[in-house]
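Quick note: the coordinates plus some simple rules give every number you see, no bench work behind them. All of these numbers come straight from a predicted model, not from anything done at the bench. Here Cβ is always computed from backbone atoms with ideal geometry, including for glycine, and neighbour counts include all displayed protein chains.
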Amino acid sequence: MKLSPLQKARYDYAPKLPSILTESIDTIVPVKGESTTPEGNADQIKALFPNTCGIEKISFAKGKNKEINILRNVGVILSGGQAPGGHNVISGLFDAIKKANPESKLYGFKGGPSGIIEDDTMEITEDYLAKYRNTGGFDIIGSGRTKLETEAQFQLAKKTCEKYGISAVVIIGGDDSNTNAAVLAEYFLSKKAGIQVIGCPKTIDGDLKNDSIEISFGFDTATKTYSELIGNIERDANSAKKYWHFIKVMGRSASHIALECALETQPNICLISEEIEKNETSLSGVVEGIAKVVAKRADNGNNFGVIIIPEGLVEFIPEVKALINELNDLLAKEAKSYASLKTTQATIEFILSKVTEKSARVFSILPASIKMQLLMDRDPHGNVQVSRIETDKMLIEMVDKKLEEMKSEGKYNGKFSALNHFFGYEGRCAFPSNFDADYCYSLGFNAFMLIASGLSGYLSSVKNLSSPAAEWVAGGIPITMMMNMEQRNGELKPVIKKALVELDGAPFKYYEKHRELWALETCFIFPGAIQYYGPAEVCDITTRTLALEQAK
């Protein structure tokens with residue numbers, strides 16, 4: 001396979017580690033900290049996880065570790081959507097395993113959690129791993145979204161581990177994937193199976209975080225990638241001076257990506273879903289707010305601009321959220337009647353006759369294309385696939401209509417020409433930034449240290465991330481401390497609670513302070529491509545979000 005010069009150079013990159021993990025591996029010992037409690041529903045979580053709920057946080061210190069060099073075979077799973085740095089988690093895990101005992105082996109379960117159930121297994125060797133170090137993607141073993149939740153699945157997972165002498169499994173994934181890790185850890189402990197389970201925090205969405213998980217891996221690289229593209233578009237907008245660019249960015253259930261990209265590029269508008277929900281802003285209110293900024297910029301002769309839209313916006317607009325919930329219930333209960341409808345008009349009339357008056361009003365004002373997306377794109381559970389709704393196109397059409405109304409009233413005299421973009425897959429498999437390359441390698445190395453400490457049901461944690469890597473703090477937290485109970489498919493299930501944008505947090509407050517200036521004046525920033533080479537203050541910095549949160 002022919003390699004690009006960058007790919008060759010990245011193979012040679014040596015990821016940095018927290019200083020404690022650079023010590024001789026047999027001189028690192030675990031230190032128990034404070035006991036933990038779940039994020040919510042403590043009694044229910046304790047009942048479901050009697051072996052792993054309430055256990056202590058872990059840090060590492062110098063000392064004599066007599067057990068580190070024993071032979072251990074470890075399995076690893078990549079789970080969920082891709083995120084830059086996954087290969088480096090596996091690299092760090094592999095290197096730590098071999099450093100402790102060169103005879104130990106790392107096995108990869110191919111295709112995600114289904115690999116451990118179906119025994120789709122391969123040994124990861126140094127030669128095989130070499131071509132994946134410091135690269136993007138999950139293609140080293142593939143990924144998947146299989147949910148681990150049945151006794152039969154647990155038994156098959158146990159059988160696969162026993163076949164290869166695997167005494168620990170590392171699951172690399174987001175909130176659902178690490179819920180899998182917690183459930184599997186609890187099962188193995190309850191059966192005294194002798195198989196540990198450790199999780200690693202992955203998601204570009206940025207919604208897997210707390211005081212101990214300061215950032216999920218991949219977020220840094222993805223937002224830098226999107227910000228480069230947004231900056232390029234801003235430069236183009238400022239050159240052509242005739243287009244409004246509506247840019248939707250990934251981030252399914254939270255606005256972390258949108259906010260970080262706004263802090264990096266200073267667009268004219270960035271919609272924050274959590275703020276819209278808190279203020280109970282209507283869809284018409286969102287449209288009117290955008291139209292007013294467009295009109296004010298036109299008054300200054302600026303018929304151009306850039307707007308960032310979070311992927312999950314529509315679910316946070318209260319009236320639209322209510323409509324979606326009604327549609328999900330309605331189409332589940334009346335699936336047969338709905339399926340018999342032959343025309344678009346008949347479908348629309350059916351919906352209007354069945355939903356509440358308030359939802360009918362919302363449905364009526366939506367563009368025709370969005371109406372059909374709400375009705376036609378269903379997931380396997382029969383629910384609206386919100387991520388597929390073209391929110392950017394919807395807002396363009398509705399803003400255009402609003403501006404025409406304002407023009408007829410003498411409140412707008414500009415020209416509105418809009419283009420839409422969606423940045424999602426562009427950021428999920430990029431070469432990891434230096435930060436993500438270092439962070440992910442540290443998470444993998446640290447995951448082995450948790451295994452070597454005899455722990456299970458923990459999430460690999462590396463903190464103090466806005467400082468140089470040598471000052472990072474390695475440790476682990478019980479996965480159960482991040483969990484609560486939520487309704488899933490009609491049942492209460494234990495899940496890791498998603499972390500949304502905090503409206504009283506420093507990153508949002510910074511945006512809030514500056515957004516009026518950015519709206520009316522052209523204050524664009526052009527961050528450029530991810531920097532791999534150069535001074536540390538350029539190449540190794542992390543997100544603006546983390547810098548503001550840690551006041552650096």
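Taking the Cα centre of segment 166-250 as origin and charging only Cβ (+1 Lys, Arg; -1 Asp, Glu), how large is the dipole, in debye to the nearest 20? Let's see the in-between values first.
Numbers: 9 positive and 11 negative charges, 43 e Å.
Computed charge dipole of segment 166-250: roughly 200 debye.
Taking the 0 to 90 degree range and rounding to the nearest ten, how far is the long axis of helix 219-240 tilted relative to the main principal axis of the chain, both from C-alpha atoms?
For helix 219-240, the angle is close to 30 degrees.
Evaluate the charge dipole of segment 313-389 about its Cα centre and quote only its size in Debye, nearest 20, assuming +1 on the Cβ of each Lys and Arg and -1 on the Cβ of each Asp and Glu.
Computed charge dipole of segment 313-389: roughly 160 debye.
Return Ile290, Ile276 ranked ascending by Cβ neighbour count within 10 Å, so the fewest neighbours appear first.
Ile276, Ile290
How far, in degrees from 0 to 90, does helix 434-452 lean away from the longest principal axis of the Cα atoms of the chain, to the nearest 10?
Between the helix axis and the principal axis of the chain, the angle is about 40 degrees.
Label 7 Å along Cα→Cβ of Lys552; segment 490-511 residues with amide nitrogen under 16 Å?
507
Filter the trypsin sites (Lys or Arg not before Pro) in segment 42-74 to those in DSSP coil with at most 15 other Cβ atoms within 10 Å of their Cβ, and list the result.
Listed in order of number, the matching sites are Lys64, Lys66.
Compute, for the chain, the length of the dipole vector about the Cα centre, with Cβ point charges of +1 (Lys, Arg) and -1 (Asp, Glu) only. Units Debye, rounded to 20.
Dipole magnitude for the chain comes out near 620 debye.
For segment 192-247, report the convex hull volume of the alpha-carbon atoms normalised per residue, in Å³, without decimals.
In segment 192-247, the Cα hull volume divided by residue count equals 107 Å³.
If we count other beta carbons within 10 Å of each Cβ, what is the order of Asp329, Asp392, Asp127, fewest first?
By the 10 Å Cβ count, ascending: Asp127, Asp329, Asp392.
Please give the peptides 20-28, 443-451 ranked by average Cβ packing (other Cβ atoms within 10 Å per residue), highest first, as a rough proxy for protection.
The packing order, highest mean first, is 443-451, 20-28.
In degrees, nearest 10, range 0 to 90: what is the angle between the Cα axis of helix 506-520 and the longest Cα principal axis of the chain?
Around 30 degrees separate the two axes.
Restricting attention to segment 370-446, which GluC sites (Glu not before Pro) occupy a DSSP loop and are surrounded by at most 10 other Cβ atoms within 10 Å?
On the way: sites: Glu390, Glu397, Glu404, Glu405, Glu409, Glu426; in loops: Glu390, Glu409.
Passing sites in segment 370-446 are Glu409.
As a test of the formula, what do you get for the chain when each DSSP H run with n ≥ 4 contributes -39,500 (n - 2.57) and the sum is divided by the residue count, at 222 nm and rounded to the nearest 500 deg cm²/dmol?
Taken over the chain, the calculation gives -13000 deg cm²/dmol.
Let me test this: with uniform point scatterers at the alpha carbons of the chain, what is the Debye-based log₁₀ I(q)/I(0) at q = 0.06 1/Å?
Relative scattering, expressed as log10 I(q)/I(0), comes to -0.32.
Quick one: net charge around Gly410, please, counting Lys, Arg +1 and Asp, Glu -1 for every other residue with C-beta under 13 Å from its C-beta. Each step should come with its number before you reach the end.
Numbers: positive: Lys407, Lys411; negative: Asp299, Glu404, Glu405, Glu409.
That sum, taken over residues with Cβ under 13 Å, equals -2.
Could you tell me what a quarter of the Cα convex hull surface of segment 313-389 works out to, in nm² with one decimal place?
Numbers: hull surface 18.9 nm².
The orientation-averaged projected area of the Cα hull of segment 313-389 comes to 4.7 nm².
Tell me, what HN-Hα J-couplings in whole Hz come from the Karplus equation 6.51 cos²θ - 1.76 cosθ + 1.60 at θ = phi - 60° for each residue of segment 40-45, using x for Gly and Pro?
x, 6, 4, 5, 5, 5
GluC sites (Glu not before Pro) within segment 266-302: which are DSSP loop residues with at most 16 other Cβ atoms inside 10 Å?
Hits after loop and neighbour filter: Glu280.
Report ³J(HN,Hα) in whole Hz for each residue of segment 355-362, in order, from the Karplus equation J = 6.51 cos²θ - 1.76 cosθ + 1.60 where θ = phi - 60°; Gly and Pro get x.
Each residue's phi maps through the Karplus curve to give 8, 5, 4, 5, 5, 4, 5, 5 Hz.
When only Cα pairs under 8 Å and 6 or more residues apart are kept, what is the percent relative contact order across the chain?
Relative contact order comes out at 24 percent.
When a footprinting reagent is the concern and you count Cβ atoms within 10 Å, what order do Cys539, Cys53, Cys429 take, fewest first? It would help to have the intermediate numbers written out before the result.
On the way: Cys539 14, Cys53 25, Cys429 21.
Fewest-to-most Cβ neighbours within 10 Å comes out as Cys539, Cys429, Cys53.
Go through Lys147/Lys463; Lys463/Lys552; Lys333/Lys371 and tell me which ones have a Cα-Cα distance over 22 Å in this structure.
Beyond 22 Å: Lys147/Lys463.
Which whole-number percent gives the relative contact order of segment 307-376, counting Cα pairs below 8 Å spaced six or more residues apart?
35 percent
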